[in-house]
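A quick write-up on the structure given underneath.
The values are calculated or read from the model by the stated rules, or taken from the named source; none is laboratory data. Just so it is clear, the model here is predicted, and its values are computed rather than measured. When we count neighbours, we look across all protein chains shown, and the Cβ atoms used for this are built from the backbone with ideal geometry, even at glycine.
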């Protein structure tokens, strides 16, 4: 078993889903690891990772709308306001999703379904440069 890792940078421009499947696929192909397990880990507390449909953009729009409704900016009971009105709702959205995902690798390819893509789900309004650690272990 051989481990390999890389830091992926994803630039965001406000809330939404940012697909980075191609970057992850390139990392796996260049790794020369044929069979193994890829772990992606987001190094932030106000964005998350998702595997989601990448064919119909309405899926992304509906997810954005759903999360905006369950964690809106105007919740009066929120105490944490140090980084703006979108900060605590972003932490709530991250808590409801995940900051890490695992994907099998077979024959030097991600084992994703036909319509699955890998997304960073940005929960903040501002532009950010997000870091996702890609860690692959295998043969």
Extreme residue, nearest to residue 54 (Cα to Cα), among residues of the range 90-117 that are touching a strand residue (DSSP E or B) at 6+ places or on another chain (Cβ under 8 Å), touching a residue at least 12 places away in the same chain (Cβ under 8 Å) and assigned to a loop (DSSP other than H, G, I, E, B): 115
Residue check, residue 12 out of contact with any helix residue (DSSP H, G or I) (no Cβ under 9 Å at 6 or more places or on another chain) and either modelled with pLDDT under 95 or surrounded by 18 or more Cβ atoms within 10 Å (Cβ to Cβ) (or both): yes
Residue count for the range 15-40, restricted to those that are within 14 Å of the chain's Cα centre (by Cα) and surrounded by fewer than 17 Cβ atoms within 10 Å (Cβ to Cβ): 7
Strands (runs of 3 or more DSSP E) (entirely within the range 1-84) containing at least 3 residues that are more than 16 Å from residue 98 (Cβ to Cβ): 2-13
Among the candidates 51, 78, residue that is within 29 Å of residue 3 (Cα to Cα) and surrounded by 15 or more Cβ atoms within 10 Å (Cβ to Cβ): 51
Selection status of residue 60, over 30 Å from residue 138 (Cβ atoms) and surrounded by 19 or more Cβ atoms within 10 Å (Cβ to Cβ): yes
Unmet requirement for residue 90, which otherwise passes all of (1) closer than 16 Å to residue 130 by Cα; (2) exposed (fewer than 14 other Cβ atoms within 10 Å of the Cβ): (2)
Test: residue in the range 118-136 that is part of a helix (DSSP H, G or I) and in contact (Cβ under 8 Å) with a residue 40 or more places away in the chain: no
